[in-house]
Amino acid sequence: MRNNLDVIAAYSIMLGLIILVGFLQSWSMALSILCLCLISAVMTIGANIQWGYAGLINFGIMGYTALGGLAAVLVSAPPVEDAWKAGGLDMLLCAFIIFSMILIIRLVLQKFSKSKNRNYIIAAVIIAGLILLRLISAPAIESIEAINPATTGFLGGMGLPILFSWIVGAFFAGGLAYVIGKIALGLRADYLAIATLLISEIVIAVIKHEDWLSRGVKNVIGLKRPVPYEIDLQGKEWFINLVQKFHQGSLNLISDNLERQQALKQLVIESSTVFVKLCFAGLFTAVVIILLIVTQKALYSPWGRMMRAIRDNEEAANAMGKNVVKQHLLIFVLGSAIVGIAGAMMVTYDGLFTPGSYRPMRYTFLIWVMVIVGGSGNNFGAILGGFAVWFLWIEAAPIALFLINFFTSGLEETNALKVHLIDSIPYFRFLMMGVGLLLIMRYRPKGILPEKIKRV
């Protein structure tokens, strides 16, 4: 009962802060924060599954997020027909060669016992494959990237609704996690963290430099939304009537008809932004709720209890006949797949894909701070951490400006100290994050909503 009250109180405070932003700043800003908090919550659910359930340290969250974003491009961007004619078939041939290399190597590993001859055969397959790939891909890539490089210069996608990319992003991230897991999950925890971080950097490097795939650092813009566009809403009669009805009281106070029409027009513009963000918030909330229900059921199922047993005492779990490696691989894939969904959601919300924006601070370490602050092992805590940390990350600048103006109200605007403090506002978010994390670790070392074990 006490735990339920803590959850209700914590989420009520968080909701109150977002509403306060709506009153003090704007409802558009409040809904933007809400949407980004929901996306961060999906990421923290994925990270919490890996760390909170199984004790796996994954510093490669950035890479899985980027793969989710790449999925959004490959699914929703329209295909570039000229690029496909120039080199599309050659790139498909390259994909077939890579797939064939994997099958051949797998066959060699199965058919031949461990020996120098087996190693020589595998090396020969890899070298021959790389040479063949280079000969085919180099001219194809050059031809593709030469097709109107200012706006395209890549193959494009399938032109499907972007919502499908949320599923594809999960498969992309989960697939990469499976490969990494097969190689690295046997490593010690600190080595695993380093390995996942390095592989994440490799993923980002490939996405940034392979222009034929996703335009690289030139970015992909104009991806179609699953919700209406503001400009379209502003021309819809039903929406104009809705806004007029909602603001009827304030509009009636304006006697001049021309002024009333101008005020209505401005309200329609502002309301269209709010309406679109409400639609996004509804979609993202549905995803968070579904994931929360599924993960809660999994957490308190026999499988969840087994994962916590493995986390707490791996040797004892092994002695009881549990396949620790298999379970670690499963949960590593599941957590990464959820992060891939979040990556696709982020690109869906932004409407663009910017590989240069994927940095460890935002898409790895900040996510870990969210899980730590909220409470690892507790799904409600992980989600709350996503909300709290991201809210502070966004609102740090306005809060810092308010505090500086309050404590320096007696100083002249040209005062050197005041000017210096105002110029330093962008760095206050790091100060606030550090102080907040220290306070949490001191007074709530297990997080705001720590893990609660149900006794059965």
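The values are calculated or read from the model by the stated rules, or taken from the named source; none is laboratory data. Source: prediction; values computed, not measured. In this analysis, Cβ positions are derived from the backbone assuming ideal geometry, glycine residues included, and neighbour counts consider all displayed protein chains.
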Conditions: (1) buried (at least 18 other Cβ atoms within 10 Å of the Cβ); (2) in contact with a strand residue (DSSP E or B) (Cβ under 7 Å, 6 or more places away or on another chain); (3) farther than 26 Å from Asn379 by Cβ. Val347 meets all but one. Number of the miss? (3)
How many of the residues in region 350-367 are part of a helix (DSSP H, G or I) and surrounded by fewer than 23 Cβ atoms within 10 Å (Cβ to Cβ)? 8
Return the residues of region 41-68 that are among the aliphatic types (A, V, I, L, M), out of contact with any Pro (no Cβ under 7 Å at 6 or more places or on another chain), in a helix (DSSP H, G or I) and farther than 19 Å from Ala281 by Cα; say none if nothing qualifies. Ala47, Ile49, Ala54, Ile61, Leu67
Give all pairs with beta carbons closer than 8 Å in which a residue from region 229-254 that is in the same structural domain as Tyr349 (by TED's automatic domain parsing) meets a residue that is assigned to a helix (DSSP H, G or I) and among the charged types (D, E, K, R); count only pairs at least 6 apart in sequence or on separate chains. Leu251/Arg260; Ile254/Arg260
Among the candidates Gly377, Gly343, residue that is outside the structural domain of Val220 (by TED's automatic domain parsing) and of a type outside the set (Lys, Arg): Gly377
Identify, from the list Pro426, Pro398, the residue that is over 28 Å from Lys446 (Cβ atoms) and at pLDDT below 85. Pro426
Select from region 428-440 the residues that are under 30 Å from Ala309 (Cα atoms) and touching a residue at least 40 places away in the same chain (Cβ under 8 Å) and write down the one among them that is surrounded by the fewest Cβ atoms within 10 Å (Cβ to Cβ). Leu437
Subset tally (residues that are surrounded by fewer than 13 Cβ atoms within 10 Å (Cβ to Cβ) and of a type in the set (D, E, K, R)) for region 386-427: 3
The listed residue being touching a Phe, Trp or Tyr at 6+ places or on another chain (Cβ under 9 Å), hydrophobic (A, V, I, L, M, F, W, C), free of Cβ contacts under 8 Å to residues at least 40 places away in the same chain and not in a loop (DSSP other than H, G, I, E, B), out of Leu403, Leu417: Leu403
